[in-house]
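What follows is one structure encoded as structure tokens, with my remarks underneath.
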């Protein structure tokens, strides 16, 4: 699997704040950051040459794979309307056809990824109701270079 995984953030602890573009999107509940693989895109020479068959050894490095970071956690609020506001705040930062909204993503420990865009936000499971309202989520950030 590989990659860096930060410890779960804990809501209400000032030292555990994470941000995207200066906004605390995930601090209402526990969350963790999982950095994707760091690798080169490498293809065999015979593919790069367009010959279509393996005519020897060798590879060509095309460049670095794009940086990805996944944030998994739970949004937690005191009411249904407060949870709706948290969800809308996250959705407002997604790409959704307006072009990438680039910014710095910072995890709970101060590690930063510059030039990131929130490209996918998906809720995981049903909304839980009780004294607190909550919903699980997974958010995917990419460092879009074009």
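The values are calculated or read from the model by the stated rules, or taken from the named source; none is laboratory data. Keep in mind that this is a model prediction, so the values were computed, not measured. When we count neighbours, we look across all protein chains shown, and the Cβ atoms used for this are built from the backbone with ideal geometry, even at glycine.
Test residue 28 against the criterion of being loosely packed, with under 12 Cβ neighbours inside 10 Å, in contact with a strand residue (DSSP E or B) (Cβ under 9 Å, 6 or more places away or on another chain), modelled with pLDDT of 85 or more and more than 21 Å from residue 119 (Cβ to Cβ), and give yes or no. Considered against the rule, which asks whether it is loosely packed, with under 12 Cβ neighbours inside 10 Å, in contact with a strand residue (DSSP E or B) (Cβ under 9 Å, 6 or more places away or on another chain), modelled with pLDDT of 85 or more and more than 21 Å from residue 119 (Cβ to Cβ), residue 28 comes out as no. Only one entry in 46, 16 is modelled with pLDDT under 90 and crowded, with 18+ Cβ neighbours inside 10 Å, namely 16.
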